[in-house]
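Okay, so here's the structure we're looking at.
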Amino acid sequence: TWLGAIGMTAQMLLSPESREAYEWLTHIAYLTPDNVEAFKRLGILLTGGRVAVALVNSLGISLIYLLVKRLWGRPAAIVSGLFLAFDPFLAGLSGLLHVDGLSATFVTLSLLATAVWLREYGMTKRAIIWPALAGIAAGLAALTKTPTLLLIPVTGIAFLWPLAGYREIQFRDRLLT
């Protein structure tokens with residue numbers, strides 16, 4: 001909804017036809033299935049929201065490619081990028097003003113940014129960009145759809161992963177000495 005509103009607002013600023021459609025729609029009492037004129041004008045207005053969703057999902061796939069490349073290399077990044085770009089669910093919902101494609105993109109970005117941070121830096125304060133990217137993506141996911149709040153416990157569990165590895169190293173060192 002928030003992204004659609006931004007897209008429609010930008011469209012109204014650039015297109016007088018969209019502004020006129022918006023003005024006309026604000027003056028109808030209610031929307032009925034037989035009001036063909038209202039649906040024509042609504043279709044004009046919703047184009048900006050659809051374009052915004054498609055652009056954000058495309059940008060998200062590009063960022064996912066970069067994060068996967070950093071984690072597992074270029075071949076894995078190419079395969080995952082192509083799978084996401086041609087996924088019928090994500091591609092179909094990217095062309096609509098729909099929240100599921102966006103939430104999938106933001107959740108993936110958040111988890112991958114968390115993985116990069118934990119893999120490369122542990123939980124040190126040296127690299128603030130990765131937890132910041134993970135937090136921003138998680139926040140956008142939560143704004144998009146509330147079930148994405150499951151990121152909170154999943155990310156919490158991910159923070160325990162380095163601790164498990166550290167315990168394994170300590171245990172192995174004790175056995176060797």
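Quick one: Karplus J couplings for the stretch 38-44, per residue in order, coefficients 6.51, -1.76, 1.60, θ = phi - 60°, nearest Hz, x for Gly and Pro?
With the stated coefficients, the stretch 38-44 comes to 5, 5, 4, 5, 5, x, 5 Hz.
Quick check on the stretch 77-154: take the gyration tensor over C-alpha atoms, sort the square-rooted eigenvalues as a ≥ b ≥ c, and tell me if it's rounded (a/c under 1.5), prolate or oblate. Mind dumping the intermediate values first?
On the way: a/c = 2.82, a/b = 1.53, b/c = 1.84.
Oblate is the answer for the stretch 77-154, as a/c is 1.5 or above yet b/c matches or exceeds a/b.
From the phi of every residue in the stretch 107-113, what ³J(HN,Hα) in whole Hz does the Karplus formula 6.51 cos²θ - 1.76 cosθ + 1.60 yield, where θ is phi - 60° and glycine or proline is x?
Result, rounded to whole Hz: 5, 4, 4, 5, 5, 5, 5.
How many nm is it between the label spots at ILE152 and TYR121, if each spot is 7 Å from the Cα in line with the beta carbon?
In this crude label model, ILE152 to TYR121 measures out at 2.4 nm.
Skip the ligands, DNA and RNA, and give the accessible area per residue of the stretch 58-105 with a 1.4 Å probe, whole Å². Could you put the intermediate results ahead of the total?
Details: 2680 Å² over 48 residues.
Heavy-atom accessible area per residue stands at 56 Å².
Nearest 10 degrees is fine. How inclined is helix 129-144 to the longest principal axis of the chain, computing both from alpha carbons?
40
So for the pair ILE78, THR26, with labels modelled 7 Å out along Cα→Cβ, what separation do we get in nm?
Rounded to a tenth, the inter-label distance reads 5.1 nm.
What part of the accessible area of the chain, given as a whole %, is carbon or sulfur when the probe is 1.4 angstrom?
Working: 8000 of 11300 Å².
Answer for the chain: carbon and sulfur cover 71 percent of the accessible area.
Which value, in Å² rounded to 10, gives the accessible area of ILE157 with a 1.4 Å probe and all protein chains present?
120
Using +1 at the Cβ of each Lys and Arg and -1 at the Cβ of each Asp and Glu in the chain, identify which of GLY156, GLY135, VAL36 lies farthest towards the dipole's positive end.
Value: GLY156.
Arrange the residues ARG126, ARG41, ARG119 by how much accessible surface each exposes, largest first, with a 1.4 angstrom probe. Provide the component values of the computation, followed by the final result.
Details: ARG126 180, ARG41 45, ARG119 145 Å².
Per-residue accessible area, sorted high to low, gives ARG126, ARG119, ARG41.
The values are calculated or read from the model by the stated rules, or taken from the named source; none is laboratory data. Since the model is a prediction, treat every value here as computed from it, not as a measurement. Backbone-built Cβ (ideal geometry, glycine too); neighbour counts: all protein chains shown. With ligands, DNA and RNA removed, areas are computed over all heavy atoms of the protein, side chains included. Shrake-Rupley method; radii C 1.70, N 1.55, O 1.52, S 1.80 Å.
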